[in-house]
1. Cross-link candidates for Lys61: which aspartates and glutamates have Cα within less than 14 Å, leaving aside residues fewer than 8 places away along the same chain?
2. Taking the Cα-to-Cβ direction at Lys158 and at Gln188 and moving 7 Å from each Cα, how far apart do the two end points lie in nm?
3. Rank the residues Leu186, Leu82, Leu171 as a footprinting-exposure proxy: fewest other Cβ atoms within 10 Å of their Cβ go first.
4. What is the dipole size for the range 9-68, taken about its Cα centre, with +1 at each Lys and Arg Cβ and -1 at each Asp and Glu Cβ, in debye to the nearest 20?
5. Between the range 117-139 and the range 49-83, what is the C-alpha centre distance in whole Å?
6. Using a Gaussian network model of the chain with C-alpha springs under 10 Å, which one of Pro184, Pro206, Pro141 is most mobile by mean-square fluctuation?
7. Treating cross-link reach as a plain straight distance, find the aspartates and glutamates whose alpha-carbon is under 19 Å from the alpha-carbon of Lys181, omitting any fewer than eight places away in the same chain.
8. Between His90 and residues 5 or more places away or on another chain, which pairs have amide H atoms under 5 Å apart, with H built 1.01 Å from N, and which residues are they?
Amino acid sequence: MAPIIAPSMLSANFGKLEQEIEMINNSQADWIHLDIMDGVFVPNISYGFPVIKAMAKSAKKPLDAHLMIVDPDRYIAHFKELGTEYLSVHYEACIHLHRSIQLIKSLGMKAGVAINPHTPVHNLYEILPDVDFVLVMSVNPGFGGQSFIENSLTKISKLRKMIDDRSLKCLIQVDGGVNIKNAPALIQSGADILVAGNSVFGANDPLKAIAELKSL
């Protein structure tokens with residue numbers, strides 16, 4: 001099965017945001033990935049609700065929001081109002097993770113849990129039956145353009161085994177340094193969803209870059 005491709009808007013040219021969204025609409029991409037940063041949970045701030053609203057207005061692909069923020073429960077309902085279909089919160093940021101996941105699902109969105117590079121996948125054992133996908137960060141969250149952390153492949157393999165051994169339907173998403181060179185190894189390790197930022201928006205031909213990832 002071909003991987004789900006989710007270009008990350010963090011790497012887009014915000015000076016021509018509408019054209020960037022239109023490019024994704026016309027591509028073989030499956031989702032539009034939104035990196036939401038608050039400058040507290042991660043050392044950076046990305047974009048807020050007015051920008052997301054503008055993107056949602058033009059988007060013809062599902063919105064996939066990754067909340068790198070403290071106390072995400074405060075904003076979950078608002079992301080639903082903006083048209084988000086896939087929403088992930090961080091294991092490290094949620095004191096009551098099960099409650100956060102249930103809130104996302106109660107609003108009709110698919111729920112994901114994200115983990116930082118230092119977080120072992122076995123910490124997710126109890127929550128796995130409740131989530132639709134796990135987002136494995138293959139760089140430290142907060143900035144685009146970082147180098148891929150090679151140990152992420154081992155984490156994905158372990159997570160894949162945890163899911164398959166229990167016959168769960170949870171998907172594995174990977175974000176950080178994903179490109180055409182490491183994507184085959186990611187898929188072989190068990191990844192289902194590839195988030196690609198610089199390797200798409202920094203390419204001479206973004207449509208071709210997306211198509212190449214989709215063809216793997």
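1. Glu18, Glu20, Glu22, Asp30, Glu85
2. 2.1 nm
3. The order, fewest Cβ neighbours first, is Leu82, Leu171, Leu186.
4. Result for the range 9-68 is approximately 180 debye, rounded to the nearest 20.
5. With the range 117-139 and the range 49-83 each reduced to a Cα centre, they are spaced 21 Å.
6. For the chain, modelled as a Gaussian network with Cα springs under 10 Å, the answer is Pro184.
7. The qualifying aspartates and glutamates are Glu150, Asp192, Asp205, Glu212.
8. Ile69, Ala114
Computed from the coordinates by the stated procedures, all read-outs in this text should not be read as laboratory data. Just so it is clear, the structure is predicted and the values come from calculations on it, not from any experiment. Counting neighbours? That spans all protein chains shown, and the Cβs are built from the backbone with ideal geometry, glycine included.
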